[in-house]
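Asks: Quick one: the structure is below, questions incoming.
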Amino acid sequence: MSPAAALLVAATTVVAPQPPTPLVAAEQPPTPLVAAEQPPTPLVAAEHDPEYRAALDLLYDGRGAECQARLAALEAKHPDDPVPVYLQALALEWALEQQPESTELDRAVEQAAERAWTAADARLRKDGSDARARFARGAASGVRSRYHLFRLHRAEAARAAAQMREDLLLARARDPQDADVQFGLGLYDYYVDVLPRFARVLRFLAGLPSGNRARGLAAIARAARSARLHAVEAQAQLYEIHAFYEDDPDRAAEEMEALVRHYPGWPLWPLKLAEHLRDRLGDYAGSEAVTRALIHRADDPRAAAGPGAVALARLSLARTLLLDLRPDDARRVLIPVEDGLPGSPSVGAQARLLLGRSLELDGDRDAAVAHYRVAASSADPEWRRRAQDSLRHPLAAEEVSARRALVALRRAREAGRAEEAAARAREVLAAWPLSREAALAAAEEDLHAGRPGRLRVPEVEEARGDEPAWLVPWSRLLRAQAADLAGDREAAVILYKKVYESARRRTELRRAAAEGLRTPFRAETPRAAPSAPARTRGTSLPTAPGAGFLAVPRFSTATSTG
């Protein structure tokens, strides 16, 4: 209670009329021997934090320049607070990460992080117990660590992370409940535990203890729910964690879908979502819907989908269409970007490489080579190398022919034409025995036809190359059914549980797994599970960030999202 409020209460007590005294005193409740414990006063939070969060929301909605201007104004408004100085460094690091090909912003990020650290340190020199300044200095070290990790400066990243942890531990000692402080410590705990090589560097440099994966993940999840400043940073980290470390792509998709809904203005979010749906869930229909929506928003003045974002959306959509065995559709999407964009050599190189791939899949190797040669002359080293590999290693004629049959196999399964799918599977395997998708389709036919003698179910625990991700739960389901036929119920239940727990978005597989958990599979009561979702399936997404301390960027989708 503020002094003014306390004074007001005291005055009211004096002047308020008193009720008449009863003849018999009312029984009074017993006075507690110990006063009720009051919640601790926050020492890290400040009353103007909502202003900072509103500025960050501009960043997360794709308006980075507006965010920087607003934070600079807030720094002038609150000159003694080091937090807006740190947040400017954080926003600048986000901008750098969207332009990985350029080092133009590197020096600016380093200087901004140094300025933030110095501003917090100046306050700490006046009062070493200042929990907010301690938090801000730790956060500034976190930006340093994030920058160095992004540029693969591992030793520098480890030193900065050690400095971050030291300051945040002291801030937590003063304010144990602050979710923003816990977020930074949670990142340290989690990544040091799951990245042993990084942890060894940290321990060598600073003699620090190991992390704790479960504790770190819990702290990050709490920050996503309740942090004043870093809730979005925490949510973006939960996406990275579930996508790349926890093997939970469905949960990762939920985190990214929420970011797409809440911040429709930044193309980064739908680009990341489309990549995730395609590469880690095999949801080609969902990925296609997201990227087509982004392309269609190019003329929306409220959206930040500039030429770079639209070009990236076209490249992402083309990759999806190629994986969905639709090379003609991919070519139509790529034509507008085949000559690239000024200042971004990778866009043209990627487009040419994908065009070549689409033509080669259609059997036109000569036309494909022309595009590969253009890509091989690109200034971008990564795509130049890939194009050179494509020139050196053509697809075998048998594989090209088999892939055409694989198209028919997949479309037949999507339409529920089981006999046609089985025939196409045998056709694919005759020309291309390495096709695990066709082998699974053939094994499914043998299972449901009751032919255990010729049953061969491929063990697919990780999709390879351009295989769809849904081969993994499909293989587990078929292996569970085969185990049931062989009388090994224990092995079958283990596999059914894996399918049920991991394939939450593949309802047909999950339903079959639930049936298998209830009763053992029998060939005389076949339970078909289509391997691929229908391409016409809709998406529930509306069509319309990384962490402030220590982030581990993986598989960036962006060359430029402006």
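The values are calculated or read from the model by the stated rules, or taken from the named source; none is laboratory data. Since we're looking at a predicted model, the values are computed, not measured. Here the Cβ is made from the backbone with ideal geometry for all residues, glycine too, and neighbour counts use every protein chain on show.
Asks: From the list E166, E156, which one is closer than 21 Å to A108 by Cα, in the same structural domain as Q88 (by TED's automatic domain parsing) and acidic (D, E)?
Replies: It is E156.
Asks: Within region 295-310, which residues are aliphatic (A, V, I, L, M) and either at pLDDT 95 or above or part of a loop (DSSP other than H, G, I, E, B) (or both)? Give the derivation first.
Replies: The initial filter retains those residues of region 295-310 that are aliphatic (A, V, I, L, M), namely 295, 298, 303-305, 309-310.
A303, A304, A305, listed by residue number.
Asks: Here is a follow-up. Which of (1) charged (D, E, K, R); (2) modelled with pLDDT of 95 or more; (3) under 20 Å from A512 (Cα atoms) is the odd one out, the single condition R436 does not satisfy?
Replies: (3)
Here is a yes/no grid of residues against (1) at pLDDT 95 or above; (2) of a type in the set (G, A, S):
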position: A139; (1), (2): yes, yes
position: G142; (1), (2): yes, yes
position: H148; (1), (2): yes, no
position: A157; (1), (2): no, yes
position: A160; (1), (2): no, yes
position: M164; (1), (2): yes, no
position: L168; (1), (2): yes, no
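Asks: Just to confirm my filter: which helices (runs of 4 or more DSSP H) fall fully inside region 98-195 and include at least 3 residues that are among the basic types (K, R) and farther than 25 Å from E246 by Cα?
Replies: Working: elements: 106-126, 131-150, 154-174, 179-194.
Ranges flagged: 106-126, 131-150, 154-174.
Asks: Restricting to region 472-504, name every residue that is of a type in the set (D, E, K, R), surrounded by 19 or more Cβ atoms within 10 Å (Cβ to Cβ) and within 24 Å of the chain's Cα centre (by Cα).
Replies: As a first pass, look at region 472-504 and keep what is of a type in the set (D, E, K, R): 476, 479, 484, 488-490, 497-498, 501, 504.
Restricting the remaining residues to those that are surrounded by 19 or more Cβ atoms within 10 Å (Cβ to Cβ) gives 476, 479, 484.
Within region 472-504, no residue meets the criteria.
Asks: When you look at E360, is it closer than 27 Å to A441 by Cα and not assigned by TED's automatic domain parsing to the domain that holds A309, yes or no?
Replies: Here the answer is no, as E360 does not meet what is asked.
Asks: Restricting to region 326-358, name every residue that is surrounded by 21 or more Cβ atoms within 10 Å (Cβ to Cβ) and among the aliphatic types (A, V, I, L, M).
Replies: Listed by number, the residues that qualify are A330, V333, L334, V337, V347, A349, A351, L353, L354, L355.
Asks: Kindly evaluate H148 against the criterion of being more than 17 Å from G216 (Cβ to Cβ), assigned by TED's automatic domain parsing to the domain that holds L87, of a type outside the set (K, R) and under 22 Å from the mean Cα position of the chain (by Cα).
Replies: Working: more than 17 Å from G216 (Cβ to Cβ): yes; assigned by TED's automatic domain parsing to the domain that holds L87: yes; of a type outside the set (K, R): yes; under 22 Å from the mean Cα position of the chain (by Cα): yes.
For H148, the condition - more than 17 Å from G216 (Cβ to Cβ), assigned by TED's automatic domain parsing to the domain that holds L87, of a type outside the set (K, R) and under 22 Å from the mean Cα position of the chain (by Cα) - is met.
Asks: Taking the options E240, E257, E288, E233, name whichever one is at pLDDT 95 or above, in a helix (DSSP H, G or I) and either hydrophobic (A, V, I, L, M, F, W, C) or within 21 Å of P50 (Cβ to Cβ) (or both).
Replies: Result: E233 is the single residue among E240, E257, E288, E233 that is at pLDDT 95 or above, in a helix (DSSP H, G or I) and either hydrophobic (A, V, I, L, M, F, W, C) or within 21 Å of P50 (Cβ to Cβ) (or both).
Asks: Next up: Looking at region 144-177, which of its residues are surrounded by 24 or more Cβ atoms within 10 Å (Cβ to Cβ) and closer than 11 Å to V44 by Cβ?
Replies: Selection gives L168, A171.
Asks: To continue, here is another question. Filtering region 443-465 down to residues that are of a type in the set (K, R) and closer than 14 Å to A523 by Cβ, which residue is modelled with the lowest pLDDT?
Replies: Looking at residues that are of a type in the set (K, R) and closer than 14 Å to A523 by Cβ, I get R454.
Asks: Scan region 410-420 and give yes if some residue there is in contact with a helix residue (DSSP H, G or I) (Cβ under 9 Å, 6 or more places away or on another chain), surrounded by 14 or more Cβ atoms within 10 Å (Cβ to Cβ), in a loop (DSSP other than H, G, I, E, B) and modelled with pLDDT under 95, otherwise no.
Replies: yes
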